[in-house]
Amino acid sequence: MPVPRRLLPAAVALAAAALLGGCAQVGTALEADDTATRDTDSGEVTAGGRIDVFALSVGDCLDDQSEEQVYDVPVVPCSEPHAYEVFHEAVLPDAAWPGEESVWAAADEACYAAFSDFVGLPYEESVLEFTSYTPTQVSWEEGGDRVVSCIIGEPGVPSTGSLAGAAR
């Protein structure tokens, strides 16, 4: 099944609501015994679990997330099989909410521009596909969220290690 380029465009909406909207929604977000562990020096994920979608970093590897709205995402050490990797972050201009379609277009443009440098091949020649986590109107207006997290993977094929320089 191909990964849509905008697999989770609404992903940040509930995360923002959880951060900005009160305790009722936060209770189901991160369970204490399922929180990922990061190395304090490198920031690398050393034990899998879930992390807040706002805490994703370039180089994080994550499992398939099929929910349209998420508070947190399942991450694993990149040495373990995983579906996606965060390969780029872009910060959108600080301005009034431009609209969902404009945010998606800007995210696609930013991820597309970073793709070939990361993979080592142009997008059109690669079997890899990208998607992104994008700001929503709520996270943009109430939380100041301008970050796009670009994620990459090969549809239906788990990766082990980074896809940096994969040239496929």
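Every number in this text was worked out from the coordinates using simple rules, so none of it is lab data. Quick caveat, the model's predicted, so the values are computed rather than measured. Quick reminder, even Gly has a Cβ in these numbers, built from the backbone with ideal geometry, and neighbours come from all protein chains shown.
Order of H88, H82 from fewest to most other C-beta atoms within 10 Å?
Neighbour counts put them in this order, fewest first: H88, H82.
List the chymotrypsin sites (Phe, Trp or Tyr not before Pro) in the range 62-150 that DSSP assigns to loop (not H, G, I, E or B) and whose Cβ has at most 14 other Cβ atoms within 10 Å. Which are they?
none
For the range 75-92, take each phi angle, set θ = phi - 60°, evaluate the Karplus expression 6.51 cos²θ - 1.76 cosθ + 1.60, and give the result in whole Hz per residue in order, putting x for glycine and proline.
So the Karplus estimates, Gly and Pro as x, are 10, 9, x, 5, 6, 9, x, 8, 8, 9, 9, 6, 10, 6, 10, 10, 10, 7 Hz.
Could you calculate the FRET efficiency of S116 with D34 from 1/(1 + (r/R0)^6), where r is the beta carbon distance between them and R0 is 41 Å, rounded to 0.05?
After rounding, the FRET efficiency stands at 0.70.
Sort D34, D52 so that the residue with the fewest other Cβ atoms within 10 Å of its own Cβ comes first and the one with the most comes last.
So the residues, fewest neighbours to most, are D34, D52.
Can you sort S139, S162, S42 so the residue with the fewest Cβ neighbours within 10 Å comes first?
Listing S139, S162, S42 from fewest to most nearby Cβ atoms yields S42, S162, S139.
Describe numerically, in nm with one decimal, the distance between label points set 7 Å from Cα along Cα→Cβ at T160 and at E142.
Distance between the two pseudo-spin positions: 4.4 nm.
How much length, in nm to one decimal, is gained on full extension between Y123 and V58, taken as 0.36 nm per residue of separation minus their Cα-Cα distance?
21.5 nm
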